[in-house]
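Notes for the one structure printed next.
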Amino acid sequence: MRLLFLAPFAPRRDGTHGGSRAIAELLVRLTERHKVALLHLRGPKEASADAALLERCDTVREFARTTPGTLGRFGRRVRAAGALARGTPAEITGSANEEFSVAVRDVAHRWRPDVVQLEYHLMGTYLPALADYPAPRVLRQLEPGAATARDRAAHRSGLARLAGALEERAWERFERKVMAQVRVVVALTDRDVASLKPLAGGTPIEVIPLGVSPPPRAFNAAGEGAELLFVGNFAHPPNIESVERLIRGIFPRVRAQCSDAVLRIVGVNPPAHWQGREAAGVLVTGSVPDVGPFLDRAAVVLAPLSIGGGMRVKVMEALAGGKAVVATPLALEGLKVEDGDQVRIGRTDEELAQATLELLQHPDRRAAMGRRARTWAIAELGWERPVAAFERLYESLLPNRPDTSAQPSAEGSGRC
């Protein structure tokens, strides 16, 4: 089978955010049984696609993506306001690239894919380039836009809340239009299906969760001392909201009863106002080449998410690595875990703080929970089932698929 993937960033198994890692893991596995071509956008500071994809895919081509970082603050605000005035999400305005559209059309007609898969709703911008190509389109919604905008608006007030409501309506309009142009939508969780269904019209929605690759060696299950860890890419608003919640409401409660506790924040693009809080026990590490040593040292991994959709790759990776995790139900969406068995679950700041304190005070309990989490994750979160589900989906879209083995390949791997 010949599969063409369109992605809004470079897929990498060591990517700085979960979407990059999830796409890379899926593609690497699909290349074992199918021919795969990848066209992706890339920001100016992002690394290129994973070396395994450059080696295994028939073609990999990258194109520049306009990012908010290339504009000043005033420019970003003007662009966002203009986009909302037109009923378009600001994020969509920043992703367009005409050269990418030309390449999509060119690769589709020369390489002749059996299926075209769009990773994220953003790539719906390029569906017109496929207007005269008959292959079925699959849209994988890794994080629904309208639902996330609605969650964000609910946490705002005043003019910011009004802007959030406009953003939600813009996403509804965009996602409704995109989903009408594909054969099937793939969501990660039942919660995502519920948010997408009112916008999908007659387009069917399938649930295929993410997988995870457990590290070959478990991390130190008990960790060291009383270090708490949050890992995330802070270009992603739900991660910023989570850390704000930690700093304001959860960690002070923990610190009041455990004076040697520290909160370490790891990830790219941390806001400047988080710096300078060392006296309060908050350590902002920023971007690191490998998060493994921080997971190994952490006593507890925290995930107090309250907005957003999809599944949390870094939570899955922490569980698979054998760490004690304290999280909200939203952070565990799509994972069939039980409070007190593989994880501790809390909804309020007080519940999350108390669960964290209990684990800090009992190293044996958090070590045992980490070991149970790893055993469960290895059994339940492998990539075998998601990959098989995608293959069944592709086959269902091609009941009379002709033999394409003699079709010409694209002209090698390259970048534009």
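What follows is calculated from the coordinates using simple rules that are stated; it is not laboratory data. Treat the numbers as computed from the prediction; the structure is a model and nothing was measured. Quick reminder, even Gly has a Cβ in these numbers, built from the backbone with ideal geometry, and neighbours come from all protein chains shown.
Annotations for the structure displayed:
- Least to most buried among THR328, THR356, THR285 (fewest other Cβ within 10 Å first): THR285, THR328, THR356
- For the peptides 20-27, 304-311, residues were scored by their other Cβ atoms within 10 Å and the scores averaged per peptide; the highest-first order is 20-27, 304-311.
- Against the empirical 2.2 N^0.38 Å (N residues), region 227-380 has a Cα radius of gyration ratio of 0.94.
- Taking other Cβ atoms within 10 Å as a rough exposure proxy, LYS197, LYS35 sort from fewest to most as LYS197, LYS35.
- The calculated FRET efficiency for ASP339 paired with ARG253, based on their beta-carbon distance and R0 = 30 Å, is about 0.95.
- Put in line by how crowded their Cβ is, counting other Cβ atoms within 10 Å and starting with the fewest, VAL243, VAL300 read VAL243, VAL300.
- Whole-Å distance, taken between Cα centres, linking region 131-210 and region 1-57: 22
- Projecting the Cα atoms of ALA221, ILE92, THR31 onto the charge dipole of the chain, computed from C-beta unit charges around the Cα centre, puts ILE92 farthest toward the positive end.
- With the alpha-carbon atoms of region 124-262 aligned to their principal axes, the span from lowest to highest coordinate is 63, 48, 25 Å, starting with the largest.
- Rotationally averaged projected area of region 338-401 (alpha carbon convex hull; nm²): 6.1
- Region 187-257 shape via C-alpha gyration tensor axes, a/c threshold 1.5: oblate
- Cα Rg, Dmax, the chain, angstrom units: 21.6, 68
- Candidates ARG173, ARG217, ARG183: whichever shows maximal mean-square fluctuation once the chain is modelled as a Gaussian network with Cα springs under 10 Å: ARG217
- Cross-link partners of LYS45 among lysines (Cα-Cα below 28 Å; sequence separation of 8 or more within a chain): LYS314
- A straight Cα-to-Cα reach below 15 Å connects LYS197 with the aspartates and glutamates GLU143, GLU172, GLU175, GLU206, residues fewer than 8 places away in its own chain not being considered.
- Sum of -39500 (n - 2.57) over DSSP H runs of 4+, divided by residues of the chain (222 nm, nearest 500): -12500 deg cm²/dmol
- Restriction of the trypsin sites (Lys or Arg not before Pro) in region 233-304 to DSSP coil positions whose beta-carbon has at most 13 other beta-carbons within 10 angstrom yields no sites.
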